[in-house]
Amino acid sequence: MDVKTGLFYLFAAVLLFAAFRVITARNPVYAALFLVLAFFQASAIWLLLRAEFLAISLVLVYVGAVMVLFLFVVMMLDINVDGLRQGFWKHFPLAAGVGALIALEMAAVLMGGFRLAEPPRAGAAAAANSSNTLELGKLLYSEYLYPLEIAAVILLVAIVAAIALTLRTRKDSKYVNPSDQVRVKARDRVRIVQMQVTRAAEPVVEAPADADAGAATAAKENKA
């Protein structure tokens, strides 16, 4: 066994362990992290197969963009794990049957490659003289140029539609114009009002009882 074969078995073992932990981890965040580990091991296997473009695409697209997005979404959402586990054993036979069918199909496709005693000489000679990334680029931009442009247009339309759905006005949301916040001034936020000084209440002087009786008698005489 050479070094390349040993590395292949090592990456494959870690990949199988990470894939198994993805579906058995109780915490969704741990499951997403194990999926990132599985993607890294798959990219390492692609490097062993001299498929550098596929390996770097797997790391940049899935690990660098998609899985980071999934990880942040899973961390921000309050997922009820107990609710997700309900009905697991009810749907387990169907899921196991579909998984076994997929495994048999992959085995039927891959067994043909394992039966080859040695790689084709024409393909080995072409791979030694040129880079597969260069050949893939030539193939994409020559024979598959129109499908590539159509896929690019579809992705552009999807991006524009996502932005349009995000920026649409909603009645239940509050929107503040950032330019208004930047141009705000102190006099627009704070208003100083001048008010008179508060004075203490003057004490009430009570009149004597005799004076009140005299005043009442004088008032009666005046009426008479």
Q | Residue list for region 26-53, given a label point 7 angstrom along the Cα-to-Cβ vector of LEU60 and an amide N cut-off under 14 Å | A | 52-53
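Under the 0.36 nm per residue contour assumption, what length would be gained going from the current alpha-carbon distance of PHE17 and TYR141 to full extension?
40.8 nm
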Q: With a point put 7 Å past each Cα toward its Cβ, work out how far ALA152 is from MET1 in nm, to one decimal.
A: 4.6 nm
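Laboratory data are not the source of any read-out in this text; all were calculated from the coordinates shown. Computed from a predicted model, the values in this text were never measured in an experiment. All Cβ positions, glycine included, derive from the backbone under ideal geometry; neighbour counts span all protein chains shown.
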